[in-house]
Amino acid sequence: MKSRARSNPLSRLRWLVAAALASTALAACGSPDTAVSSGSSTAETEAEVPQRIVSLSPTTTEMLYAIGAGDQVIAVDSLSNFPADAPVTDLSAFEPNLEAIAAEDPDLVVLSFDPGDIVSGLEAAGIPTILQEPAATLDDVYAQLADLGVATGQIDGAAEVVADMRSAIDEIVAATPVGAEPIRIYHEIDGTFYSASSNSFIGQLYSLLGVSNIADEADTDGFGYPQLSPEYILEADPQLIIIPELSGYTAADVAARPGWDVISAVKNDAVLVVNDDIASRWGPRLPEFLTIISEALVAQQVGA
């Protein structure tokens, strides 16, 4: 049985924090992050490869297309905006509706969030379902890709994506220099100063690049997403600040905050606005996100 992560007030506003809640639960119990409903096993056999897949997760949608199963996908949720040719519908990833999903006549449904009754409802309707909750580690990402490869008959495609991701991430890490003093970073989730520590999935990615995450000291219970204060951030003096594009504010907005002009990242124009989708999804575009961060870290090393 999966343990319940504590409620976070941002979970209904931001996909990233919703993912964090599930990731925390997975990390706490140490259980696999992929579950296949017992309603049917046809999606797992080579004899009956699903041809009408419904994806209710932007990350899953990216994974399915990356491994070569895009032609088998007939509907995706309203937030699945990549790739551009994905068949977007008004199906909700956060509030999935059983009747609306069943109306698509799917032979496989893949989702990353179950409010409590969708998987069991689909199972009762005889619809094969895979629940892939947000990854807690990179190994979870690779396992999810492999599982989707088996379920969709795209085993070779999944293996190729995993191999490419591993190779790309290794190259990025090797190309990112770590100075005598690790660069201090601050990942801001939104304007209320929630951040991502090294106990979060995205924080683990930062750790690969040898940074010093200012949120770590504040994450006393290991939840992964502590709320910092402006005073704490000023004292920590981050040298690189990463903010999500979806927040709606710019580097100039950050610099204009009272007293923030003394922060090293602000003084050195090292406030990085990143695409929120790339930063919050645990799929095949992770190397793209790591490349962006690595280049910013290299720039800081050169300017030091």
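The values are calculated or read from the model by the stated rules, or taken from the named source; none is laboratory data. This one's a predicted model, so the numbers in the text were calculated from it and none came from an experiment. Backbone-built Cβ (ideal geometry, glycine too); neighbour counts: all protein chains shown.
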Exactly one of A135, A151 is assigned to a loop (DSSP other than H, G, I, E, B), surrounded by 24 or more Cβ atoms within 10 Å (Cβ to Cβ) and in contact (Cβ under 8 Å) with a residue 40 or more places away in the chain, and that one is A135
Picked from the stretch 166-216 (must be among the charged types (D, E, K, R) and more than 19 Å from G283 (Cβ to Cβ)), the residue surrounded by the fewest Cβ atoms within 10 Å (Cβ to Cβ) is E181
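Every residue, every condition in (1) at positive phi; (2) not aliphatic (A, V, I, L, M), yes or no:
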{"residue": "S198", "(1), (2)": "no, yes"}
{"residue": "F201", "(1), (2)": "no, yes"}
{"residue": "N213", "(1), (2)": "no, yes"}
{"residue": "G259", "(1), (2)": "yes, yes"}
{"residue": "S264", "(1), (2)": "no, yes"}
{"residue": "K267", "(1), (2)": "no, yes"}
{"residue": "V271", "(1), (2)": "no, no"}
{"residue": "V274", "(1), (2)": "no, no"}
{"residue": "D277", "(1), (2)": "no, yes"}
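Per-residue answers, yes or no, for (1) among the aliphatic types (A, V, I, L, M); (2) more than 16 Å from the chain's Cα centre (by Cα); (3) within 23 Å of F82 (Cβ to Cβ):
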residue: Y232; (1), (2), (3): no, yes, no
residue: D237; (1), (2), (3): no, yes, no
residue: E245; (1), (2), (3): no, no, yes
residue: D276; (1), (2), (3): no, no, yes
residue: A296; (1), (2), (3): yes, yes, yes
Among (1) in contact with a Phe, Trp or Tyr (Cβ under 6 Å, 6 or more places away or on another chain); (2) modelled with pLDDT under 95 - the single one T250 does not satisfy:
(1)
Kindly provide the set of residues from the stretch 83-96 that are under 16 Å from L111 (Cα atoms) and not hydroxyl-bearing (S, T, Y), ordered by number.
A86, P87, V88, D90, L91, A93, F94, E95, P96
Counting only strands (runs of 3 or more DSSP E) entirely within the stretch 43-122, those with at least 2 residues that are surrounded by 22 or more Cβ atoms within 10 Å (Cβ to Cβ) and without any contact (Cβ under 8 Å) to a residue 24 or more places away in the chain are 73-76
Do the conditions hold for V266, that is, is it in contact with a Gly (Cβ under 7 Å, 6 or more places away or on another chain) and hydrophobic (A, V, I, L, M, F, W, C)?
no
